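**Student:** Input: one structure, supplied below.
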Amino acid sequence: MNVPFRKIVFHHFLILILILSASFVSAQQQVTSEEAQEWADKTLAGLSLEKKIAQIICTDISGKYIAEDNPPFVRWIQLARDVSVGSFVLYGGTPRDVAHLLNRLQKEAELPILMTVDFEGGPGQQVSGASEFPANMAFAAVGSEDLMYKAAKVMATEGRAMGFHLTYTPVVDISVRPDNPSESVRSFGGDLALLGRLVRAYVRGYKEMGMLTTAKHFPGRGDIVPFPEYSGFSYNNKPAETVQTEEFRAFKHAIDAGVTYVMSEHIAIPSVTDGSELPASVEKKLITDWLRDKLDFKGIITTDDLWYDHVIQRFGPVEVAIKAIEAGHDIILKPKDPEETITGIAAAVRTGRISEARIDQSVRKLLYQKALLGLHKNRFVDEDRVNELVGTTAHLAVVQEVADRSLTLLKNEDVLPVPDKRLSNIVNICVQKNDIDSSPTELNRKLAISFPGIQNFILQPNINPAIYDTIRTAVTDADLVIFSLFVQRTRAVDAAPFRADDLALLNEIIASHPHSVIAMSYGNPHLIRKIGDVSAFVVGYGEGSWFGNQLVYFESFIKLLKNEIKPQGKLPVKVSDRYPIGHGLFY
C-alpha cells in the first residue's frame, strides 16, 4: 500500500471514530437550563441538612480492581448509598474496571454522583490504556487552537465513555520567570494571549463532548516561593499590579472561556489581600472579593485537597473545611474524614456560624450541573462501548501528532538534519535525575531497535564513577553523540539541576565534539543554560505522571533523527535573553 493511500485510509478511519464519539455524546440526555434548574430546586427542597452538606463533599476512590468485600470498597459504597456524597474523584485503574466501578457506585446512590478526575495529561495520566497526551506546554509550543480543540474532544470522549463528568483541568498557572519555572510543563507558558486562546479551545472541546472543566490553581502557583513562617505553604510575593496583569489575567481568560469550576490552592498573596498570610483555601479576600466579585466568576469554586498534613496542622481537619466555606468555596475536596467534616459543618450551621442558605447556594449549583448533564435521567455508561471509544488508534494518533509538532529546536550548528551515514555510529548518554525512573531504559530499548549498534549509557544518582571514563572512551570515535536529558527542575531551587560530575562530563564532550552533539531534553528547556555550547538542543514537553506523556516523545525524536519529521515548535517560555518566548529554529 503506498503512503498517500494509507494516509487517506487513516483519515477516513479518524473521521469514523469522531462520528462514533459524536453519536455517543448525542445519545446523552439533552436538558434545558430551565429543566435543570427545576430539578435542582425540587431535589434540594427534599434534602436534610446533612444530606445537603454531603453533596458538597468530594472524596477519593481508586479505579484499580478491588473485591467487593474489601474494606475500602465497602467504605465507598457506604459513602455513596448512606452518606450521599455528591462527588468522587478517581485515581488509577483500567478503562473497563473504572467504568464498572463508577456504574456500581451510581447504582447505590440515591442522587446521581458527579464523577471527577484529573486529566492534566489526558485520560491516560490516570487510567492505564486510555490516551495520554503531552503536557500543556506542548500545545503552546504548537500554538494551534485547532489541535488543542481536537485533543480536548478526544480527552472528553474517553472520559465520558468511562463515566466521568468533570476534569480538574486545565492548569492555567503561568510561567514567566526563568529562575522559577514552578509548574514546569504543566503550564501553558508565559504568553498570556496564547494561553487564553488555547484554554478557550480546550474548554470548547470538552464541553461539546459533555464534560465540565476546572481552571486551577487559583490564585496561581506558577511563580511562588516557600513561606518561611508556615512549613509546606507557599506564597506569591509579587506586587499587586503584577499579580493582576499576570496570574489573575490568566484566570480571567479561563473564566471568559466558560470553565464550570475553579480550584483554589493553599497559596497566599499578601499584596492583594491587605497583607494577609492566609492561603486562598481559607481567605475570603481571595475567593469572594477577588475570584467571585472582581473576576466575576459565577460558577463552582472547589478547594484543592484538604487532607494534607501541613493544612490540617495549621487549621484543623474539620475547621479548615468550615473556613473554606466561609471564604466562599462551594466544594470541599478530599477532607481528612468526610463524615466528621459533614458533622462539623452541620454544627456550624446550627450554631449560626454558617447560614443554611449559604449551603443551599452551593448545593443548588452542583445539582444544576448534574441535571444539565442529564444525570438525573441517566447516570450510567455502557461498559460494552468502552473499548470502542477509549485508547483507540485514532486517538493515539492525535497524541503522537501533538508530540511531533511540538518538538522545539532551540539551537542548531550544522547537526540537524543528520546525514544517514552518521546514524550508524551513535553514542547515547542518558542523564537521569531521580533514582527511580524507568524512562531512560525504555528510551535505550527503542533506540537500539531503530539504530542497531548504538551504545547506550545512563548516568544516575550514586553511580560508579568508573562509567565516566567508559563513556569518554566510547565517544572518541562516535559520529554522533546524543544527550538524552531526564532532568526535571527542582521547584524554587534550581531550574536546571545537573549533578556536578555529570555536567562536567557533558561539557567536556561538547568541547571535544563540535557539530556532533545533540541534546534532547524530555521536558525541561532550561537545561540549555548549563550546556550552552552544545551544537544542537531539542526539547519536548513531557516529564511523565502529572507532567504529561514523556514516552511519546521517544518516537518523535527517533523520527527527527531519521528525517521523517522536522522541528515545528516555538518556545512557550522565556529561558534566557538568547532564548525568549517564541524562539524556535526550522530547516
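The values are calculated or read from the model by the stated rules, or taken from the named source; none is laboratory data. These figures come from a predicted structure and were not determined experimentally. No Cβ is skipped: glycine too gets one built from the backbone with ideal geometry, and neighbour counts run over all protein chains shown.
**Student:** Here are some residues: LEU166, LEU194, LEU212. Which one is farther than 19 Å from THR303 by Cα and either hydrophobic (A, V, I, L, M, F, W, C) or over 18 Å from the mean Cα position of the chain (by Cα) (or both)?
**Tutor:** LEU194
**Student:** Follow-up. Would you confirm whether or not segment 353-364 contains a residue that is under 25 Å from the mean Cα position of the chain (by Cα), part of a loop (DSSP other than H, G, I, E, B), of a type outside the set (Gly, Ala, Ser) and on the phi < 0 side of the Ramachandran plot?
**Tutor:** Taking every residue of segment 353-364 in turn, none turns out to be under 25 Å from the mean Cα position of the chain (by Cα), part of a loop (DSSP other than H, G, I, E, B), of a type outside the set (Gly, Ala, Ser) and on the phi < 0 side of the Ramachandran plot.
**Student:** Same structure again: Going by the conditions given, is PHE133 among the hydrophobic types (A, V, I, L, M, F, W, C) and more than 11 Å from the chain's Cα centre (by Cα)?
**Tutor:** No, not satisfied.
**Student:** Does any residue in segment 536-551 that is assigned to a loop (DSSP other than H, G, I, E, B) come within less than 9 Å, Cβ to Cβ, of a residue that is among the basic types (Lys, Arg) and surrounded by fewer than 24 Cβ atoms within 10 Å (Cβ to Cβ) six or more places away or on a different chain, and which pairs are these?
**Tutor:** Close Cβ pairs (under 9 Å, with a partner that is among the basic types (Lys, Arg) and surrounded by fewer than 24 Cβ atoms within 10 Å (Cβ to Cβ)) amount to LEU551/LYS446.
Residue-wise test of (1) surrounded by 24 or more Cβ atoms within 10 Å (Cβ to Cβ); (2) under 24 Å from GLY391 (Cα atoms).
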site: PRO71; (1), (2): no, no
site: ASN103; (1), (2): no, yes
site: ALA130; (1), (2): yes, yes
site: GLY143; (1), (2): no, no
site: ALA151; (1), (2): yes, yes
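**Student:** Residue pairs, Cβ under 6 Å, 6 or more apart or interchain, first in segment 415-428 and free of Cβ contacts under 8 Å to residues at least 24 places away in the same chain, second part of a helix (DSSP H, G or I). List them.
**Tutor:** That search, which allows pairs on different chains as well, returns nothing.
**Student:** Only one of LEU295, LEU306, LEU291 is surrounded by 21 or more Cβ atoms within 10 Å (Cβ to Cβ) and closer than 23 Å to GLY190 by Cα. Can you tell me which?
**Tutor:** Testing whether each residue is surrounded by 21 or more Cβ atoms within 10 Å (Cβ to Cβ) and closer than 23 Å to GLY190 by Cα leaves just LEU291.
**Student:** So for segment 419-427 (the condition being of a type in the set (Gly, Ala, Ser) and buried (at least 23 other Cβ atoms within 10 Å of the Cβ)), does at least one residue qualify?
**Tutor:** No, that holds for no residue.
**Student:** From the residues in segment 552-587 that are hydroxyl-bearing (Ser, Thr, Tyr), in a loop (DSSP other than H, G, I, E, B) and under 26 Å from the mean Cα position of the chain (by Cα), which one is nearest to LEU194 (Cα to Cα)?
**Tutor:** Top of the filtered list is TYR579.
**Student:** Okay, moving on. Just checking: which of the helices (runs of 4 or more DSSP H) contained wholly in segment 33-132 hold 2 or more residues that are of a type in the set (D, E, K, R)?
**Tutor:** Answer list for segment 33-132: 33-45, 49-55, 95-108.
**Student:** Being in the same structural domain as CYS58 (by TED's automatic domain parsing), β-branched (Val, Ile, Thr) and either at pLDDT 95 or above or surrounded by fewer than 24 Cβ atoms within 10 Å (Cβ to Cβ) (or both), is that true of even one residue in segment 222-231?
**Tutor:** Yes, segment 222-231 contains at least one residue that is in the same structural domain as CYS58 (by TED's automatic domain parsing), β-branched (Val, Ile, Thr) and either at pLDDT 95 or above or surrounded by fewer than 24 Cβ atoms within 10 Å (Cβ to Cβ) (or both).
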